[in-house]
Amino acid sequence: MIAHLRSYISTFLLVLALNTSAQDYSISGRVVDAQNQPLSLVNIVLSKSVVDDLKSSSGFTIIKGTATNDDGSFRFKNLEAGSYKVVATIIGFETFEQVIVLTGQLDLKTIALRELSESLDEVTIIAKKPTITRKPDRLIFNVENTALIEGNTLGVLKSTPGVIVSEGGINIKSAPAAVYINNRKVQLTQDELIQLLESAPANSIKSVEVITNPPANYDADSGSVINIIMSKNLVTGYRGSVETKYTQGVFPSYNGATNHYFKNNKINLNLNYSYTNRKINRDQDDSVNFLDDNNTIDQIWRSNVNRNTWSETHKLNLNFDYYLDDKNTLSLTSTGLYTPYFKYQIKNNTDIFDANQNFLSSFAADNLSRDKKYNIGSDLIFRHEFENESSLTFNAHYTIYDYERDQNVFQDEQGNVNDSEFNTLANQDTQIVTGKLDYNLAIDDTSIFDAGLKYSNVNTDSDITRTNIINGQGVLDPDNTDAFKYDEKVFAAYSNYSKSWDKWDLNIGLRAEQTNIEGESVSLNETNTQDYLNWFPNASLSHQVSDDVNIYGSYKRSITRPSYTNLNPFTFFINENTVVLGNPNLIPTYRDHYKIGINFLEYFTVEAYYMNYDGDIVELPRQDNQTNIVAFTPVNLDKKVDYGFDFAFDYYELSDWNISFVTSFYNISEEANFGESFVELNQWANYSELSNNLFLLKDRSLNINLTLTWVGKNLQQFQIVEDRLVSELSISKSIFNKKAIISLVVEDIFNFQDYESSINYLNQSSARFDDVDNRFVRIGFRYNFGNTKLNTNERTTDVEERERLKDLN
């Protein structure tokens, strides 16, 4: 009996041991170079066989990924029995592949990778170089596994051909660009966007798409797009970073940020927070010639204006993906901006002279505003992938935006006892709701069809109350007190088709948008409505004439809707003689963009373009020669035309040095009817940019970038803006075994970034010099911790409607 019992127990324990072992199969190993030195950061990808034929390269599906530790080791745990393929890759070494049959705990021992040679007999070299692919509607700059990804995302954009990064923002040549990450629009202010890209590591970037002719699935107001494509995250684990930056311009500014990433087989989580404390200075010299009825000078007003801005901003970004299964993914993305402290001070000192330069009088005006605002936008995204190479994506978005301003203005007129003082309270509450459905179908290996629907609704409630201070008492000013309600609904549908065959590439699309707008001024008892249906076609075609010559052409129609603040009829007083007015009668701007080009000898590109703007929205300073008031008012121009020729040279043959040069000769003409007469102005200009990027030291841990941008004399909104040179020197050095980076940035090296502008048409005559706080030195430090080998899919998601949220100043 006891013998039988022992036999049963032994058998049970053996079966239990076998079962336990079967649930704990693993694959491990160690990667070294030819000198038997361990290689860290080697990408190890594990694929499982889904067919019986192990020789079939298409019979494996990627299931896990990791990277080797500092000693070169790696390990995959919790595997099932079966056939697997192990692939090891790292820059500068040949790829290792091995197919295995797993029946237990397998130790691959030592995997020795052979270093690639730079000799002419070899096809590949030690480090990949950036490559450029030109398609009919875009330029694709491939940077994955290149030395460029050792910096930050903004540094990659600076090295991308045709992309201009300056204090004014991010442009494609001279036109502002909408920035997308993984095909999702980033809706932040220019300062916040640059801050986000500076803090985002570039090692997860696969490519940058410079889209000059966006297809129909992009919003109709996305005239030009920069789309940053991130590599797919295969590595599980946690990593994080902390960083700080100190900027010394006229005044010091401080920034601190922390970033955290976590991924396992079911979830992917990114959480980023930053805090910025800064003070910005701006000096401005104005001269306005007020004219008499004969358009001769009556009085000359010369003003010195000093603007200081103090602010504290908190920014939080959350990205969460939950993988329901292989075909379904649920994602939540949220971006929050909170500014609890914002102080805006304007000090104006104005001297008044007659036509013979004799002094008449002067006044001083002090404007002090305190603001509070927050902006929270969230997206819920569901994506389903079908078996037939198609996918369906649903995106629901909600934004809440709240803005408050408390303004006090005191104007002291020399020798006048009737000095003026008033207080203004302004509020704006905006809510945005959107829903979007996109369907994508890969018809075959050469053609893709897209279709989708979108609905958006924007509701804005704003009010302003002005109180005049008379003998120390507040008296309500009903003429400058109002409330404004705005409601906008947009229904959109699109389809897009792309096809590649032989040496041709074609992309055609059509988008339709029905817009319904209602704006109501409560005190004026006025309601303005706009209802319109617009069609937005796009098309592009390219032909590879030979290995060295590619020709292409494109056309796109796009729209720019007025900002909600511009439609607001309120009057905002900078002082008693300078005001900002809204215009509820604004209509959208429509742009038709034509382009033809040729790319030859790999490095050279020549393009000719023509852009026609119907009803371009501009904010014009209009002087009233009777009241001596200058009013900044948004208006629709009758017509604007921008045409020119672009020449580009991109050289990326060396892994340690690259250079990009682009120059554009263009003409802008603007036409408008101001009632008393019709005005037409035009101006030829030149825009040139030279960018050098250099990697030094054996491990390429020292990066130097010098970018020079020349903006020649040009026409902007009926103003002639004089020449200026934008310059930036950036230096970064990896330290602590590439776990930390120190950086130095010097802006406006030659002190030629400030600019002069002038107005001279009809009865308008003025000049201005702007000394912007753009000459600074910035030092930074970032330290990475946790699993620093982990790649991420960091992104920011938002909707087009948020871009038109503007402050009330």
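Computed from the C-beta positions of PHE251 and ASN471 and an R0 of 30 Å, the FRET efficiency is 0.20 to the nearest 0.05. With a/c under 1.5 counting as rounded, go ahead and sort region 208-318 into rounded, prolate or oblate using the C-alpha gyration tensor (a ≥ b ≥ c being the square roots of the eigenvalues; past the cut-off, prolate if a/b is larger than b/c, else oblate). It comes out oblate by the Cα gyration axes. Extension gain for THR95-ASN628 works out to 184.4 nm (0.36 nm per residue, less the C-alpha to C-alpha distance). Taken per residue, the accessible surface of region 541-638 reaches 39 Å², heavy atoms only and a 1.4 Å probe.
The mean sequence separation of alpha-carbon pairs under 8 Å and at least six residues apart, normalised by the residue count of region 633-742, gives a relative contact order of 19 percent. When only alpha carbons are used to place a centre, region 709-727 and region 241-281 end up 33 Å from one another.
For region 276-283, backbone phi angles converted through the Karplus equation (6.51, -1.76, 1.60; θ = phi - 60°) give residue-by-residue couplings of 10, 10, 8, 10, 10, 10, 8, 10 Hz, Gly and Pro being listed as x.
Cα-based Rg of region 548-609 per 2.2 N^0.38 Å, rounded to two decimals? Can you show the working numbers first?
Values: Rg = 21.2 Å, N = 62, 2.2 N^0.38 = 10.6 Å.
Cα Rg divided by the expected 2.2 N^0.38 Å: 2.00.
Provide the net charge surrounding SER28, with neighbours chosen by a C-beta distance below 11 Å and charges set as Lys +1, Arg +1, Asp -1, Glu -1. Taking every other residue near SER28 into account, the sum is +3.
Applying both filters, DSSP loop and at most 13 other Cβ atoms within 10 Å, to the trypsin sites (Lys or Arg not before Pro) of region 667-740 gives LYS698, LYS739.
Centre-to-centre, using Cα atoms only, region 418-475 and region 309-362 are separated by 14 Å. Within the shell defined by Cβ-Cβ distances under 11 Å, the residues around ASN440 carry a net charge of -3, with Lys and Arg each +1 and Asp and Glu each -1. Which FRET efficiency, nearest 0.05, do SER500 and ALA112 yield, Cβ-Cβ r, R0 30 Å? Between SER500 and ALA112 the formula returns 0.15. Name the shape class, rounded, prolate or oblate, that the alpha-carbon gyration tensor gives for region 293-354, where a ≥ b ≥ c are the square roots of its eigenvalues, rounded holds for a/c under 1.5, and otherwise prolate holds if a/b is larger than b/c and oblate otherwise. Note, shape of region 293-354 comes out oblate. The chymotrypsin sites (Phe, Trp or Tyr not before Pro) found in region 728-763 that occupy coil by DSSP, while having at most 14 further C-beta atoms within 10 Å, are PHE736, PHE750, PHE752.
Ligands, DNA and RNA left out, the 1.4 Å accessible surface of region 452-527 is 52% carbon and sulfur atoms.
In square angstrom, what is the accessible area per residue of region 692-783 with a 1.4 angstrom probe?
Numbers: 4330 Å² over 92 residues.
Per residue, region 692-783 has an accessible area of 47 Å².
For region 481-540, chymotrypsin sites (Phe, Trp or Tyr not before Pro) meeting the loop criterion (DSSP other than H, G, I, E, B) and having at most 12 other Cβ atoms within 10 Å: none. Given a 1.4 Å probe and the protein chains as shown, HIS593 ends up with an accessible area of around 20 Å². Accessible area per residue was computed with a 1.4 Å probe on protein heavy atoms; LEU706 scores about 60 Å². Within the shell defined by Cβ-Cβ distances under 10 Å, the residues around LYS263 carry a net charge of +1, with Lys and Arg each +1 and Asp and Glu each -1. Annotation: per residue accessible area for region 315-401 equals 50 Å², rounded to a whole number [probe 1.4 Å, protein chains only].
The values are calculated or read from the model by the stated rules, or taken from the named source; none is laboratory data. These numbers come from a predicted model, not from an experiment. We place every Cβ from the backbone using ideal geometry, glycine too, and count neighbours over all the protein chains shown. When the accessible area is computed, the model is the full protein with side chains, heavy atoms only, and any ligands, DNA or RNA have been set aside. Shrake-Rupley method; radii C 1.70, N 1.55, O 1.52, S 1.80 Å.
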